[in-house]
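The values are calculated or read from the model by the stated rules, or taken from the named source; none is laboratory data. Computed from a predicted structure; not experimentally measured. A quick note on method: Cβ atoms are made from the backbone with ideal geometry, for glycine too, and the neighbour counts reach across all protein chains shown.
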């Protein structure tokens, strides 16, 4: 069936439905990022899995859900791994900012968006260090 026959048989309503469906599915899913409301975990900073956290500016990913980083000044911070622009698990620390490598969304360490891709902000978790134990919680 060619385009003219399709339009004649199904009418403009089918075309409108297809167009609206595609636009809705192709737009950024900015409000679909899951919020982790019950996070409470503790990591041992002497564990070899977290060795890079000894270096300022480094980060580790835990269970592909949380990114923990040591800022340039040595502060330990944590955020969701899921970007609020589109639900991609690509958040990392870059130049003391949370950064998503998918579309370039940038957030302050407290989660405030710094560009249009980051307008919804980022979920940041609280951290508390007691010796070599780092607690990360929401």
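Given the criterion under 11 Å from the mean Cα position of the chain (by Cα) and either more than 19 Å from residue 63 (Cβ to Cβ) or free of Cβ contacts under 8 Å to residues at least 24 places away in the same chain (or both), identify the matching residue among 102, 75.
Details: 75 fails: under 11 Å from the mean Cα position of the chain (by Cα).
Answer to the selection: 102.
Every listed requirement among (1) modelled with pLDDT under 90; (2) part of a helix (DSSP H, G or I) is met by residue 31 save one, (2).
Listed here are the strands (runs of 3 or more DSSP E) enclosed by the stretch 52-138 that have at least 3 residues being more than 19 Å from residue 40 (Cβ to Cβ): 91-94, 97-100. Taken over the stretch 56-75, residues that are farther than 15 Å from residue 125 by Cα and touching a helix residue (DSSP H, G or I) at 6+ places or on another chain (Cβ under 8 Å) amount to 1. Restricting to the stretch 34-86, and then to whatever is surrounded by fewer than 13 Cβ atoms within 10 Å (Cβ to Cβ) and under 27 Å from residue 104 (Cβ atoms), can you tell me which residue is modelled with the lowest pLDDT? Step by step, filter the stretch 34-86, then rank; the result is 34.
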